[in-house]
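To start, the structure under review is shown below, and the notes come after it.
The values are calculated or read from the model by the stated rules, or taken from the named source; none is laboratory data. Just so you know, these numbers come straight off a predicted model, no measurement behind them. With ideal geometry, Cβ positions are generated from the backbone for all residues, glycine too; neighbour counts draw on all protein chains shown. Heavy atoms of the whole protein, side chains included, go into the accessibility calculation; ligands, DNA and RNA do not. Shrake-Rupley method; radii C 1.70, N 1.55, O 1.52, S 1.80 Å.
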Amino acid sequence: MRTIFKRRSFIALIAILLPAGLSAQEEPPKVGFIRLVNAVGAGTGNVHLKIDGQDRYPKGYKLGERTGGIGLAPGAKKIAISKDGVEEGTTTFTVEQGETVSLIAFSEKIPADKDKPEHWAIKILRLKQRDTENSFRLTVLSMCDEPETIFSYQREADKEKTMSSVKRLMTTTIELGKSAGDVNLYARDKETLLSFFRPDMKGNYVVMFYNDAEGAVKAIFFYDPKFVVAG
């Protein structure tokens, strides 16, 4: 009888100590993520990101900056991206639990029509995803104004640089093999270093080209294990 009493007393004590509404086996909160990459070259000031009407970072993001994964409850989200002097861009999509959605914000010149003069507008590109193979991959994405951007790359094992290109709003995929090693990306001249990284986990290593305020080609790098193509 004493053993039964002690067990009941222990269970009652645990119930008192646990916060209301929690249990010892409660599951962690469900969450999905979005990542924003700012390639909006037109306009002035910083880019602002609103999710369901809430400004996530009132100071805004500079050209060429990207966020980490912004945690959100799963479900439909309305995204608004704005910058002074540029027409706001909006989109709606569903955040899935445990998944990260990468969004690229960029500016595009809109021709004049009977209602509006020529102007710049923010467009939002969502990166499509799928499970990757068991290897290292480089995916190059261009948001530059030029129809095609020429670049070169060199892996640690390569004796020479290899020329390649990527079309605007499209991607070029380069398989890096089964082992890690330093990777450098250069501009058309093969001398100007745009980006470099050392893969330490299998998956996709993404480099996005964009134009800075003076029109020069710059690059943003991030890791996205499921990134495949633009769309």
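Structure above, values below:
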| item | result |
| --- | --- |
| When residues of the stretch 198-219 are limited to those that are open to solvent by 10 Å² or more (accessible area, probe 1.4 Å), modelled with pLDDT of 90 or more and of a type outside the set (S, T, N, Q), the one nearest to residue 69 (Cα to Cα) | 219 |
| Test result for residue 89, at pLDDT below 95 and either within 18 Å of residue 108 (Cα to Cα) or among the charged types (D, E, K, R) (or both) | no |
| Residue satisfying condition, being surrounded by fewer than 16 Cβ atoms within 10 Å (Cβ to Cβ) and under 20 Å from residue 66 (Cα atoms), within set 178, 128 | 128 |
| Scope the stretch 99-125; condition open to solvent by less than 40 Å² (accessible area, probe 1.4 Å) and aromatic (Phe, Trp, Tyr); matching residues | 106 |
| Filter result (touching a Lys or Arg at 6+ places or on another chain (Cβ under 8 Å), within 26 Å of residue 142 (Cβ to Cβ) and surrounded by fewer than 20 Cβ atoms within 10 Å (Cβ to Cβ)) within the stretch 73-98 | 80, 90, 91, 92, 93 |
| Failed condition for residue 133, given (1) at pLDDT below 95; (2) more than 23 Å from residue 172 (Cα to Cα); (3) open to solvent by 70 Å² or more (accessible area, probe 1.4 Å) | (2) |
| Those residues of the stretch 36-69 which are touching a residue at least 12 places away in the same chain (Cβ under 8 Å) and among the polar types (S, T, N, Q), in sequence order | 38, 44, 46, 67 |
| Residue satisfying all of: in the stretch 220-231; of a type outside the set (Gly, Ala, Ser) and open to solvent by 30 Å² or more (accessible area, probe 1.4 Å); modelled with the highest pLDDT among these | 221 |
| Candidates 103, 63, filtered to the one that is of a type in the set (A, V, I, L, M), assigned to a loop (DSSP other than H, G, I, E, B), modelled with pLDDT of 90 or more and closer than 17 Å to residue 144 by Cα | 63 |
| Count - residues of the stretch 56-68 that are open to solvent by 50 Å² or more (accessible area, probe 1.4 Å) and not aromatic (Phe, Trp, Tyr) | 7 |
| Among the residues listed as 113, 158, 145, the single one being outside any strand (DSSP E or B) and in contact with a strand residue (DSSP E or B) (Cβ under 9 Å, 6 or more places away or on another chain) | 145 |
| Lone qualifier among 214, 175 - being under 19 Å from residue 143 (Cα atoms) and charged (D, E, K, R) | 214 |
